[in-house]
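These notes concern the structure reproduced below.
Any read-out appearing in this document is the output of simple, stated calculations on the displayed coordinates, not a laboratory observation. Bear in mind that the values here come from a model prediction, so they are computed numbers and not experimental data. Cβ: placed from backbone, ideal geometry, glycine included. Neighbour counts: every protein chain shown.
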Amino acid sequence: MKTYQNLSVWSEAEELNVVLHEIMLHPSLDTHRYFRDQILRAALSVALNISEGYGRGYNAEFIRFLKISRASLDEVHAGLTIMRRVLPLVPVSDSIFARIQTIRIRINALIRKIESQKRVQDDHTQAFSEHSAKRLSPEGALAAEQQLREAPLAHR
């Protein structure tokens, strides 16, 4: 069974949380807890929104939660950028920013993939509707609807 844990973007967001927790143990952050707390909350939000959106079961909802996840990722990036300047002793390396960029690219790619699948499904639905409308007269549509109602459930 597929779950959100099968998504590589979720695994990367989870790993980002682990790495950030290690960085946030730096003693300089003992007196600047607001940085630590806000960045960790935002990082957790990245992974949690991916999983919640996936769990909703609808493409539109998943896309909405992926966008929220991306916004939280931007919040992590901004927080770390400011932290780097205010607390230069905290080891925020360029590799962390590269990891954030990779996750952002994957979220964007996943959004595009879901949106393109939705467009294909919408095109098929529209084509089917147009085809059905052309082939069936109003009487034919009513007859088809009646047949569907009378058919046993097992054949639907």
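Counting just the Cα atoms, what span does segment 1-70 cover along each of its three principal axes? Round to the nearest Å and put the largest first.
43, 20, 13
Ranked highest first by the average count of other Cβ atoms within 10 Å around their residues, in what order do 77-90, 46-59 fall?
Details: 77-90: 14.8, 46-59: 18.2.
Order by mean packing, descending: 46-59, 77-90.
Tabulate in residue order the Karplus-calculated ³J(HN,Hα) for segment 5-14, using 6.51 cos²θ - 1.76 cosθ + 1.60 with θ = phi - 60°, rounded to whole Hz; enter x for Gly and Pro.
For segment 5-14, the Karplus-derived couplings read 5, 7, 7, 4, 5, 5, 4, 5, 5, 5 Hz, x marking Gly and Pro.
Apply the a/c threshold of 1.5 to the C-alpha gyration tensor of segment 1-126 and tell me whether it is rounded, prolate or oblate.
It is prolate, given that a/c is not under 1.5 and a/b is the larger ratio.
Once fully extended, how much extra length lies between I105 and E14, figured as 0.36 nm per residue of separation less the alpha-carbon to alpha-carbon distance?
Numbers: separation 91, 0.36 × 91 = 32.76 nm, distance 1.58 nm.
Taking I105 through E14 to full extension adds about 31.2 nm, to one decimal.
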